[in-house]
1. Go through (1) surrounded by 14 or more Cβ atoms within 10 Å (Cβ to Cβ); (2) more than 17 Å from the chain's Cα centre (by Cα); (3) closer than 15 Å to Arg23 by Cβ for Leu119 and report which single condition fails.
2. Considering each of Ala48, Ala35 in turn, give the residue that is in contact with a Phe, Trp or Tyr (Cβ under 8 Å, 6 or more places away or on another chain), in a helix (DSSP H, G or I), more than 20 Å from Val130 (Cα to Cα) and in contact (Cβ under 8 Å) with a residue 60 or more places away in the chain.
3. Are any residues in region 1-32 among the charged types (D, E, K, R), out of contact with any Ser or Thr (no Cβ under 9 Å at 6 or more places or on another chain) and assigned to a helix (DSSP H, G or I), and if so, which ones?
4. Considering only residues that are modelled with pLDDT of 95 or more and more than 16 Å from the chain's Cα centre (by Cα), look in region 39-55 and name the one that is nearest to Asp120 (Cα to Cα).
5. Which residue pairs have Cβ atoms closer than 8 Å, lie 6 or more positions apart in sequence or on different chains, and pair a first residue in region 66-84 that is on the phi < 0 side of the Ramachandran plot and hydroxyl-bearing (Ser, Thr, Tyr) with a second residue that is surrounded by 13 or more Cβ atoms within 10 Å (Cβ to Cβ) and assigned to a loop (DSSP other than H, G, I, E, B)?
6. Could you check, for region 123-142, whether at least one of its residues is without any contact (Cβ under 8 Å) to a residue 24 or more places away in the chain and either at positive phi or within 17 Å of the chain's Cα centre (by Cα) (or both)?
7. Glu60 fails exactly one of the following numbered conditions: (1) under 19 Å from Gly108 (Cα atoms); (2) surrounded by fewer than 16 Cβ atoms within 10 Å (Cβ to Cβ). What is the number of that condition?
8. Criterion first (more than 28 Å from His4 (Cβ to Cβ), surrounded by 12 or more Cβ atoms within 10 Å (Cβ to Cβ) and without any contact (Cβ under 8 Å) to a residue 60 or more places away in the chain) does Arg154 satisfy it?
Amino acid sequence: MKKHERDYIIWQNRAFRFYIASRLLANKELYGPGAFCGNQAIELLMKATLIFWDKSFIPEDASHKFKKMLYSIGNKAPIGKKLSVPEYLFADQRYQSVARYPSSSRKGIVIPSTFVEDLDSVFTDLVALVPFQFNSELLHALSGKEYKKLLTLRRGNKQMRRLRKLLRVSISNAA
């Protein structure tokens, strides 16, 4: 296994944990923390994608610059230009900051009813950009090895069939 492949899986695992947390929180109507975790999941998976495709990419230098990372993914990853992330997920870093910190500026966050569906779609689109998937927490969840995570992952998730196909996990193997 090459270093960029190993590093990709490490970053994808961390993104997956925030993704599962976001889905769980949003489904429990804890929208602010769910929005923050969703933002983190997408940011971490974008960084994982760039780690895989761009040997010169330094995640810490990217900070929270979604637009810059989207542009880089479009240039570095094959079919990366097709990646679309709803702007509300990163606009003014509201999910990153306002969702966590009380503010006197009266800024709020808008969490549309499509939040979880949008999150599922973007997460899956990012996973699809990287052909290397090996022994990840996502793979373990899809295969049923981590059953509680599988339950959280599949609840209302229209991307399940696509995720299973991308990771080559058959339904008969999954719980």
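The values are calculated or read from the model by the stated rules, or taken from the named source; none is laboratory data. This structure is a prediction, so every number in the text was calculated from the model and none was measured. So basically every Cβ, Gly included, is an ideal-geometry build from the backbone, and we count neighbours across all protein chains shown.
1. It is condition (2) that Leu119 fails.
2. Ala35
3. Matches in region 1-32: Lys3, Glu5, Arg6, Asp7, Arg14, Arg17.
4. Ranking the candidates gives Trp53 first.
5. That search, which allows pairs on different chains as well, returns Ser72/Asp54; Ser72/Phe57.
6. yes
7. (1)
8. For Arg154, the condition - more than 28 Å from His4 (Cβ to Cβ), surrounded by 12 or more Cβ atoms within 10 Å (Cβ to Cβ) and without any contact (Cβ under 8 Å) to a residue 60 or more places away in the chain - is met.
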